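Undergrad: The structure's right below; bear with me while I get my questions together.
Just so it is clear, none of the values below were taken in a lab; they were calculated from the coordinates. Since this is a predicted model, take the numbers as computed values, not measurements. Note that each Cβ is placed from the backbone with ideal geometry, even for glycine, and that neighbours are counted across all protein chains shown.
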Amino acid sequence: MSHAQFNASQRLMNLVFTSIDYGIEIVRKKDSHLTPALWSEAAGKITNQHIVAANPVIGVEKAREFVKNLTQETEVYVILYEGYVTLDATKYDAIMAEAGERGQETALVFAQRYQPKKFLKSFIIIGNVGFFGPAQNLFNYLGQKPPGEITM
């Protein structure tokens, strides 16, 4: 986990924690996988859109495309999905949150590690939500293709 500093508003951090808490409850209570989701806030209203796709990787990619089509009134977004993080050579299941804010150069990646319920093991949250580094802020590509994307 990175100990680097990051710049985020309280609004963005509230959405990050709300969405991660939701994701943790889904995998804890449902004992199932989390469908990738796009959380956003515009004019104080939070929306949560689950992205159903052939597989989770495609779902996350679709969520990223949806961000590029959000209205200008949308101030923050979080793409929520299940993934893995590795710390000290140990691989952990995690709820991942890619969080972007209008006007910021980069987005931020946060994760909450957990141990899924298995045969004789209970579901356990491991540590606290951690900052895992920067990501591409998809707000910076509204109405245009991101660098490196193939245009036909």
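Undergrad: Quick check on region 54-124: what does the Kirkwood estimate of hydrodynamic radius come out to from the alpha carbon pairs, in Å?
TA: Values: mean 1/r = 0.0710 Å⁻¹.
After inverting the pairwise mean of 1/r, the radius is 14.1 Å.
Undergrad: Of the lysine pairs in the chain, how many meet both conditions: Cα atoms under 21 Å apart, and a spacing of 8 or more in sequence or different chains?
TA: Summing the qualifying lysine pairs gives 12.
Undergrad: A further question follows. Roughly how big is region 10-140's charge dipole about its Cα centre, with Cβ charges of +1 (Lys, Arg) and -1 (Asp, Glu), in debye to the nearest 20?
TA: Values: 14 positive and 14 negative charges, 96 e Å.
Dipole size: approximately 460 debye.
Undergrad: Mind pulling up the Rg/Rh value for the chain? Radius of gyration and Kirkwood radius, both on Cα.
TA: Values: Rg = 15.5 Å, Rh = 16.0 Å.
Reported Rg/Rh, Kirkwood definition of Rh: 0.97.
Undergrad: Quick check: Cα centre of region 5-67 to Cα centre of region 71-116, how many Å?
TA: 9
Undergrad: Once you've got the GNM for the chain with C-alpha springs shorter than 10 Å, pick whichever of Val57, Val78, Val16 has the biggest mean-square fluctuation.
TA: Fluctuation is largest for Val57.
Undergrad: While we're here: Between Gly23, Gly83, Gly127, find the one with the highest GNM mean-square fluctuation for the chain; connect C-alpha pairs within less than 10 Å.
TA: With Cα springs under 10 Å in the chain, the top fluctuation among Gly23, Gly83, Gly127 is at Gly127.
Undergrad: Taking the 0 to 90 degree range and rounding to the nearest ten, how far is the long axis of helix 56-67 tilted relative to the main principal axis of the chain, both from C-alpha atoms?
TA: 30
Undergrad: Would you work out if region 13-74 is rounded, prolate or oblate? Take a ≥ b ≥ c from the square roots of the eigenvalues of the alpha-carbon gyration tensor; rounded if a/c is under 1.5, else prolate when a/b is larger than b/c, oblate otherwise.
TA: Numbers: a/c = 2.93, a/b = 1.25, b/c = 2.35.
In terms of gyration-tensor shape, oblate.
Undergrad: So what's the angle, to the nearest 10 degrees on a 0 to 90 scale, between helix 10-29 and the longest Cα principal axis of the chain?
TA: Helix 10-29 and the main axis of the chain meet at about 40 degrees.
Undergrad: Springs between alpha-carbon atoms under 10 Å, Gaussian network over the chain: tell me which of Lys118, Lys62, Lys91 tops the mean-square fluctuations.
TA: Result: Lys118 has the largest fluctuation of those listed.
Undergrad: Tell me the net charge near Thr71. Cut-off is 13 Å between Cβ atoms, Thr71 excluded, with +1 for each Lys or Arg and -1 for each Asp or Glu. Don't skip to the answer; put the middle values down first.
TA: Details: positive: Lys45, Lys68, Arg102; negative: Glu41, Glu73, Glu75.
Once positives and negatives cancel, what remains is 0.
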